[in-house]
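Chemist: Got a structure here, written out as structure tokens. Questions coming.
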Amino acid sequence: MKRSILWMVVMAGSFYSLQAQEKKALTLRNAIEMGISNSKQLKLSRAKITEASGALQEATERKLPDFGISGAGLYLPVNPNVDLKTGSSSGSGGSSGSGGIKVSSAFYGIASISLPVYAGGKVKYGIESAKYLEEAARADAANDTESIILNTVYAFANLYRASSSVDVVKESLKQSQQRDTDLAHLEKNGLLARNDLLKAQLVTSNIELSLIDAENNLRLANANMDIMLGLPEATNLLLQIDTALPMYDLKSIAEYEQLAIQNRKDVQALAFRRKAATTGILAAKTDYYPGVALTGGYIAAYVPGVLSITNAINIGVGVKYNLSSIWKTKSKIQQAEARVQQVQASEELLNDNIRMQINKAYQNCLLTRKKIGVYRSAVVQADENYRITKNKYNNTLATTTDLLEAEVSQMQSKLNYHLSRADAEVALATLLQAVGILQNDPFLKK
């Protein structure tokens, strides 16, 4: 029994260990596809589209006839007065409930149908408004998709930053530890002051602390990306990154602003809502007009001992007009006009925000591209500076402090370069999202 329990514990531990070590290669394109399919926001957006489609179907169904059936069985505890107008000249033409006919129950059934012929345009404008709102819901979903893509790019770049930082710091730590080993031999043989060795070891300790922070940031970034993509949190993501960043020429700000007007889904959504609001004004004015419908029905009734009606079919035309609409409709029109004004103001505000977003993203994109070139040169300079300083140190022409400073500069320049690459990708994605073309751009095909 004890062996069985021990075996189960060992197997469970092994299974957990395998799970914890699960690895997955991930490209930016794969991450975006998984982010879209796992997005809770897009599920909500799709539900809103379904709701809008249902509202459109409901508006369309108002053109269809209304059909209803009703019936009742009645018990009459008090004998009613019954006066049958038969057209006979004899007698009084009827009989009282107290003297002759006794009625204690009655039954009837009614089937009616009504087909709207004219409603002042209310049905027509209701359908148009519902169509515009459905299109607005679809545009909102497309805009949410752009936001999800941008958030995925942010998370991917953050994971790249963290992973690159760990790699650079590990490389620097390995180099620093080797340097400490060499200096320890020199100090042991009396060729190096103890103080210089301690300085070098202090730098190594600081690098170790930097590595602890970098690894912690990597774990957090990895877990956040796992959750975003719907993966188990223990999945270790191995980023597959193209070494060549998309550095195609940028258009002018004016061109991007024009593209944004054509492609931004939130702009399109507001345009559809403005059309729906404008249609709402026309729908409100329909209250000034009467409604006309074709009607038909069937009636059956039975009063035991008194009356039996069957096959009473009727066909006619019904007209309905609410006189109070003469003074009540004006306020409805005012409300509809106010909604149009609100949407127009929202469009103007959105256009201003888009221009500011594009200008900011454009300048940031230019800045990050320039930084990449500067940091790339800095890496070459730092490597050469470290090589020269190390040669001088080996020939006693440079101090230990000079060597340590060159080493730290080398590590920092590499970190800056890798971080600038991630910043450039994020800046480009932000610009494309501000223009509304992010999901259709070759930037995502890597």
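Chemist: Here are some residues: Ala293, Ala223, Ala214, Ala300. Which one is surrounded by 12 or more Cβ atoms within 10 Å (Cβ to Cβ), under 22 Å from Gly35 (Cα atoms) and either in contact with a Phe, Trp or Tyr (Cβ under 8 Å, 6 or more places away or on another chain) or hydrophobic (A, V, I, L, M, F, W, C) (or both)?
Modeler: Exactly one residue qualifies, and that residue is Ala223.
Chemist: Identify, by number, the condition in (1) under 26 Å from Arg161 (Cα atoms); (2) in contact with a helix residue (DSSP H, G or I) (Cβ under 7 Å, 6 or more places away or on another chain); (3) at pLDDT below 90 that Leu419 doesn't meet.
Modeler: (3)
Chemist: Let me ask something else about it. Have a look at Glu407, Glu348 and point out the one that is in a helix (DSSP H, G or I) and free of Cβ contacts under 8 Å to residues at least 40 places away in the same chain.
Modeler: None of the others qualify; the one that does is Glu348.
Chemist: Is region 438-446 home to any residue that is surrounded by 22 or more Cβ atoms within 10 Å (Cβ to Cβ) and in a helix (DSSP H, G or I)?
Modeler: Yes, that holds for at least one residue.
Chemist: Turning to a different aspect of this structure: Pairs needed: first member in region 363-383, within 11 Å of Asp423 (Cα to Cα); second member anywhere, among the aliphatic types (A, V, I, L, M) and surrounded by 15 or more Cβ atoms within 10 Å (Cβ to Cβ); C-beta distance under 7 Å; at least 6 residues apart or different chains.
Modeler: Short answer, once both residue conditions are applied: Asn364/Ala427; Cys365/Ala427; Cys365/Leu428; Cys365/Leu431; Thr368/Ala424; Thr368/Ala427; Arg369/Ala424; Ile372/Ala424.
Chemist: Give me the helices (runs of 4 or more DSSP H) completely within region 1-75, filtered to those with at least 2 residues that are within 30 Å of Pro116 (Cα to Cα) and either at pLDDT below 90 or in contact with a Leu (Cβ under 8 Å, 6 or more places away or on another chain) (or both), ordered by residue number.
Modeler: 40-61
Chemist: Just checking, how many residues over region 100-144 are farther than 30 Å from Leu84 by Cβ, free of Cβ contacts under 8 Å to residues at least 24 places away in the same chain and over 39 Å from the mean Cα position of the chain (by Cα)?
Modeler: 0
Chemist: If you don't mind, there's one more thing I want to ask. Can you name every residue in region 163-191 that is closer than 30 Å to Val426 by Cβ, surrounded by 20 or more Cβ atoms within 10 Å (Cβ to Cβ) and of a type in the set (A, V, I, L, M)?
Modeler: Val168, Val169
The values are calculated or read from the model by the stated rules, or taken from the named source; none is laboratory data. Everything numeric in this text was worked out from a predicted model, so none of it was measured. For neighbour counting, all protein chains shown are included, and Cβ atoms are generated from backbone atoms with ideal geometry for every residue, glycine included.
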